[in-house]
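Let me begin by presenting the structure, written as structure tokens, before commenting on it.
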């Protein structure tokens, strides 16, 4: 049995990252998710907020698990149609403006049309604006140059663009010969891909899980409340499958699965976190244990909302998070193997009994 299929994983990851889905504008990506699950042949339900839940019955239906990943991404909305015809933006999700400066984008109009543009500093031309390189990258200076013959606000509105329209950033997906995946929105479409691949494996191989397990594909994580509603009442363990943060002082890298001990919300459940560590050791899965200083997950959101669950977090290590991101196939493979090891293992408080 093949736990990790590199070719299928890359193909699905490319499909998902190619589908625009800034938080608040996720109907298209969730329709794609529903179609994929229909193709696999598993039942699923859609919540009022547009998330999707797949439930796979296990031997124990009284104590249940939930794993979640999210399809929503960073993006922006049109804040103002400027007198020049260009667009001022308002952020959706947390990123730095310099991370998208110079990026191609798509404006999604209310009528359903998609109009191309480029995100630029207003003072981009070095032949006109002296010292523009030292100006702050912020809402005052960043704008969208629309790819249409528009020279005024009225002309821009005439082609259907209005305040409140969503703007998505080009992903620029690339798989290198050295095994790196470079694309925007690996957070969290990498983990979403791995959850879907796990669902497919369980279904096709007719694997009987020890516990009924819910796979929650959320669509509001980047604004802080993705997977903290519709948690089935019998859920005991809640795993956020998200991204590992890389940077100075971090152990996480692009080649291992990153297990989070603590983020800005506080420590994750100690025993469950260390069960993940022990599973990685027992199955010879390369891992790193880490603390993410400026980070929150759907699992921590669930705890804040009052869910009585044990919570943990792990995922592939993602370089340059919330910018043009990168990871390696080794990290995806290690994450997939830990996912499988976890869903087929006894719960942490039953290990000694079993």
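Quick notes on this one:
- Filter result for residue 81 (closer than 26 Å to residue 216 by Cβ, touching a helix residue (DSSP H, G or I) at 6+ places or on another chain (Cβ under 9 Å), touching a residue at least 12 places away in the same chain (Cβ under 8 Å) and in the same structural domain as residue 165 (by TED's automatic domain parsing)): no
- Test result for residue 60, at pLDDT 95 or above, under 29 Å from residue 257 (Cβ atoms) and surrounded by fewer than 18 Cβ atoms within 10 Å (Cβ to Cβ): yes
- When 112, 75, 24 are screened for being touching a strand residue (DSSP E or B) at 6+ places or on another chain (Cβ under 9 Å), at pLDDT 95 or above and surrounded by fewer than 20 Cβ atoms within 10 Å (Cβ to Cβ), only 24 passes.
- Qualifying residues in segment 212-226 (those that are buried (at least 21 other Cβ atoms within 10 Å of the Cβ), within 16 Å of the chain's Cα centre (by Cα) and under 19 Å from residue 45 (Cα atoms)) - the one modelled with the lowest pLDDT: 226
- Of the residues in segment 94-103, not one is in contact with a helix residue (DSSP H, G or I) (Cβ under 9 Å, 6 or more places away or on another chain) and either crowded, with 19+ Cβ neighbours inside 10 Å or more than 19 Å from residue 166 (Cα to Cα) (or both).
- Scanning segment 102-113 for residues that are within 21 Å of the chain's Cα centre (by Cα) and not in a strand (DSSP E or B) gives a single hit, 103.
- Answer from 198, 209 - the residue that is under 16 Å from residue 39 (Cα atoms) and either under 13 Å from the mean Cα position of the chain (by Cα) or modelled with pLDDT of 95 or more (or both): 198
- Taken across segment 55-62, residues that are over 23 Å from residue 192 (Cα atoms) and assigned to a loop (DSSP other than H, G, I, E, B) do not occur at all.
- Every residue from segment 229-239 that is within 15 Å of residue 54 (Cα to Cα) and part of a strand (DSSP E or B): 235, 238, 239
- Counted residues, segment 108-124 - those being touching a residue at least 24 places away in the same chain (Cβ under 8 Å) and within 24 Å of residue 136 (Cβ to Cβ): 5
- In this structure, residue 103 does not qualify as in contact (Cβ under 8 Å) with a residue 12 or more places away in the chain and farther than 30 Å from residue 191 by Cβ.
- Residue list for segment 1-49, restricted to those being farther than 20 Å from residue 106 by Cβ and assigned to a loop (DSSP other than H, G, I, E, B): 1, 2, 3, 4, 5, 41, 42, 43, 44, 47, 48, 49
- Test: residue in segment 341-350 that is out of contact with any strand residue (DSSP E or B) (no Cβ under 6 Å at 6 or more places or on another chain), surrounded by fewer than 18 Cβ atoms within 10 Å (Cβ to Cβ), modelled with pLDDT under 95 and outside the structural domain of residue 220 (by TED's automatic domain parsing): yes
- Criterion applied to 322, 269, 274 was being surrounded by fewer than 23 Cβ atoms within 10 Å (Cβ to Cβ) and over 24 Å from residue 349 (Cα atoms), and the one residue passing it is 322.
- Any hit, segment 227-238, residues being in contact (Cβ under 8 Å) with a residue 60 or more places away in the chain, in the same structural domain as residue 324 (by TED's automatic domain parsing), surrounded by fewer than 20 Cβ atoms within 10 Å (Cβ to Cβ) and under 30 Å from residue 88 (Cα atoms): no
- Options 321, 300, 331: the member that is modelled with pLDDT under 95 and either farther than 29 Å from residue 233 by Cα or part of a helix (DSSP H, G or I) (or both): 300
The values are calculated or read from the model by the stated rules, or taken from the named source; none is laboratory data. Because the structure is a prediction, the values reported are computed rather than measured. Note that we place each Cβ from the backbone using ideal geometry, even for glycine, and neighbour counts take in every protein chain shown.
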